[in-house]
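Notes follow once the structure below has been shown.
Read the figures in this text as sums done on the coordinates, not as results from a lab. Note that the structure is predicted; figures quoted are calculated from it, not measured. Cβ atoms come from the backbone with ideal geometry, glycine included; neighbour counts cover every protein chain shown.
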Amino acid sequence: MIEIVAAAIDQLCVAFERGGYNPTPIIDLGVLVVIADGVVDDKERAVLRDVFQTLLETKLTPEVVDHLVTASVQVVEAAGAESRARLIAEILRDCDAVEPGILVALAVAYASDGFSKEERVVIERIADFAEVPRGRLEELIARVRARADGDPMSIRTLLSTGAHRPVRVGKS
Amino acid sequence: MADARHNKSYLLDPRFQLKWTGYLVVVVVFVMAGLGFVIARTAGHASDTASLAVKQAEKAYEESKSNNILTRRTMQLAGGDNPALQMVMDESLNEVDAQSEKNLADVRSRQADIAAGRRNLQNLLIGAGVALVVLLALMGILITHRIVGPVHKMKRLLRRVSTGRLVIEDRLRKGDELEDLFDTFLQMTYSLRAMQIARLATLDTTLRRAEATETPDDVLDGMRALRAQLVLGLEPRRSTTNPPPST
């Protein structure tokens, strides 16, 4: 799992930077997945905190994470989950980073209490907008499921750490 | 990579571009079909008139021949003892026959010319129509590309702004339409960026003062988190190889 998630986040950040985007769609991606069932539980909040801290490269208090989640949820509610999913998919496509994005979404989904039906609907929607064939999506799901090993906390830890990431050439 | 892919294609938005190009082509095809029908009908009338003229000429020729035969017989019966008069009459009647044949041949030749002209006109109309449709389709794609190109670029840049990225270095291509809209968009990003910079400067000053005093760590962390969010749109993200501070 380490190599999958760490590489996926790393690829996403590089791809977003190359495409001229900020990495904030990863926040929206994570929020879209965790609010799929209508409730953001403690495990999901912790996963998001790890993701946000990694992206913002700073320490975040739970209150700040809650603010970010609340802001993102409000945006999703105002724009509509489908529109938001389409926007994220378009950004991922524009950056040629669709698969890393879906891998991160799957990792967030598996990091709490497994991969729920609602989470699957959200990820399938993003995959459809990004024109990922269903067969390929199932392959990605199987890939993440195989590494999850019923240990969601290990996935959460992986999302938070930068220690296992490959060092990028040409980056200071 | 995405830019390179988009720049190579003239069909950036196939649905939009083909729809409007299709409308243009359909309208022109209808107009051409109407004009073609009028022209074909006029040419058909000319051809029918020529056929009628040939029939009349043939009829006149047959009548002339019959009259000449009748005249010859009359001459044989009436002036059989006057060979000189008969010879003069024969010559005259032969000239009339030759003239009638020549007239008939001329009318047939004109009819053939008119038929050939009609065929040429039809071929020209069909050829010009096909060429015009192809030209219009290509022109339609090129013209809509001048509009769709900037829209496509604006859409991508708006997506960037939606992620908080306020540094926009892209510009429209020379000759692109919607320059005013693009300029307004750029002005918007400049204004937002200026506000963001002012907020960041204010926060930095406050943060420095807070760090110099005995401000609780959680307050400082909150201010730093806010700074990290503000700075996202103004400068490229640092390397992700540095892990975030542990909680």
With Cα coordinates, the longest principal axis of chain B makes an angle with the long axis of helix B:14-78, in degrees rounded to 10, of 0
1/(1 + (r/R0)^6) with r = Cβ-Cβ of residue B:152 and residue B:48, R0 = 56 Å, i.e. FRET efficiency to nearest 0.05, evaluates to 0.50
Protection proxy (average C-beta count within 10 Å per residue), highest first, orders B:91-99, A:91-99 as A:91-99, B:91-99
Fraction of alpha-carbon pairs in chain B farther than 33 Å apart, rounded to whole percent, equals 63
Between residue B:76 and residue B:208, the two model label points (7 Å from Cα along the beta-carbon direction) sit apart by a distance in nm of 13.6
Quick calc: nm separation of the 7 Å Cα→Cβ label points for residue A:66 and residue A:82 -> 3.3
Nearest-0.05 FRET efficiency for residue B:121 and residue B:27 at R0 = 25 Å, using Cβ-Cβ distance, is 0.60
Counted neighbours (other Cβ, 10 Å), sorted fewest up, put B:145, A:67 in the order A:67, B:145
With R₀ set to 41 angstrom, the calculated FRET efficiency between the beta-carbons of residue B:139 and residue B:186, to the nearest 0.05, is 0.85
Within the protein assembly as shown, pairs of Lys residues whose Cα atoms are less than 21 angstrom apart, provided they are eight or more positions apart or on distinct chains, add up to 14
Summing -39500 (n - 2.57) over every DSSP H run of at least 4 residues in the protein assembly as shown and dividing by its residue count gives a helix-only mean residue ellipticity at 222 nm, to the nearest 500 deg cm²/dmol, of -27500 deg cm²/dmol
Comparing B:34, B:222, B:44 in a Gaussian network model of chain B (Cα, 10 Å), the one with the largest mean-square fluctuation is B:222
Charge dipole of the stretch B:77-133 built from unit charges on the beta carbon (Lys, Arg +1; Asp, Glu -1), centred at mean Cα; most positive-end Cα among B:111, B:84, B:130 is B:130
At the level of C-alpha centres, the distance separating the stretch B:208-233 and the stretch A:45-78, in angstrom, is 17
Once both label points are put 7 Å beyond Cα along the C-beta direction, the residue B:109-residue B:41 separation in nm becomes 3.4
Note to self: Kirkwood Rh of the stretch B:78-166, Cα pairs, one decimal, Å, is 20.6
Helix B:217-231 sits off the longest principal axis of the Cα atoms of chain B, rounded to the nearest 10 on a 0 to 90 degree scale, by 20
Within the stretch A:116-148, DSSP-loop GluC sites (Glu not before Pro) with at most 10 other C-beta atoms within 10 Å are A:131
Inter-chain shielding metric for B:214-227, i.e. average beta-carbon neighbours from other chains within 10 angstrom, reads 3
In degrees, nearest 10, the alpha-carbon axis of helix B:83-162 is tilted away from the dominant principal axis of the alpha carbons of chain B by 0
